[in-house]
1. Which whole-number percent gives the relative contact order of the chain, counting Cα pairs below 8 Å spaced six or more residues apart?
2. Using Cα-only point scatterers and the Debye equation, what is log10 of I(q)/I(0) for the stretch 22-103 at each q in 0.10, 0.25 Å⁻¹, rounded to two decimals?
3. Working from Cα positions, state the angle (0 to 90°, nearest 10) between the long axis of helix 231-251 and the longest principal axis of the chain.
4. In the Gaussian network model of the chain, springs joining C-alpha atoms below 10 Å, which of 59, 198, 152 carries the largest mean-square fluctuation?
5. Averaging sequence separations of C-alpha pairs under 8 Å and six or more residues apart, then dividing by the length of the stretch 141-186, give the relative contact order as a whole percent.
6. If you build a Gaussian network model of the chain, linking Cα atoms that sit under 10 Å apart, which residue out of 176, 49, 233 swings the most?
7. Going by how many other beta carbons lie within 10 Å of each one, how would you line up 223, 48, 199, fewest first?
8. Using only the alpha-carbon atoms, how far is helix 44-56 inclined from the longest principal axis of the chain? Give it as 0 to 90 degrees, nearest 10.
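Bear in mind that the values in this text are calculations on the coordinates, not laboratory data. For clarity, every value in this text was computed on a predicted model and none was experimentally measured. Quick reminder, even Gly has a Cβ in these numbers, built from the backbone with ideal geometry, and neighbours come from all protein chains shown.
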């Protein structure tokens, strides 16, 4: 049973109660008092007392085997919070900081099928021409933003891509197999690179952002002239962009574990 051990001694009753609730929510099956006490390193008496309080609040219930599981109250509350989250609003301060760190055009993108859509953008103060216009769609396999989104898709879904891909520049992947090899590198590094695959003169670096459930829902990236994206800058920008994408993941409710998974 994967749990957050934040309920260890040193925290108050609220923290321990939340640790129990999180453990029950993450467990694949209802849990008993002894199991929870062992996993959270808490006395059985304390676990029992907190479970009774959670039951009184409607957060937890017992099944027929006297084991405990969360109620749908968690889902109801989470849904209301999720409905209030505006991806662009949450991303705005992270994008501003990424712009300050790189002085390159910053963009936030989402995937629709095998296309990538730019939903927010901050222009470089150095006025470098960029093709990443707001609302513009493009082939996901030919951009850093798109590849950062495709890399964590199920490979069965990626199999729906044609075996031969349309080429836009000499650097565009010509086949699905070549793209899949690139996506494996993206998953390993935690960021994607584009060296003129859609527009020959434009390069980019992007990294995925996840929601509270761990799903990749957007990519955060930067655009620049492809000629300026040297090997050294790829490494430097890759680390910077990935760090800001992990921060965005945490701001969207993802845990540090989820936020760091891309670079594991």
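1. Numbers: 484 pairs, mean separation 36.6, N = 264.
Once normalised by length, the contact order is 14 percent.
2. -0.42, -1.19
3. The helix 231-251 is inclined about 30 degrees to the chain.
4. 59
5. Values: 33 pairs, mean separation 18.8, N = 46.
Reported relative contact order: 41 percent.
6. Answer for the Gaussian network model of the chain: 49.
7. Working: 223 29, 48 13, 199 20.
With the sparsest Cβ surroundings first, the list reads 48, 199, 223.
8. Rounded to the nearest ten degrees, it is 80.
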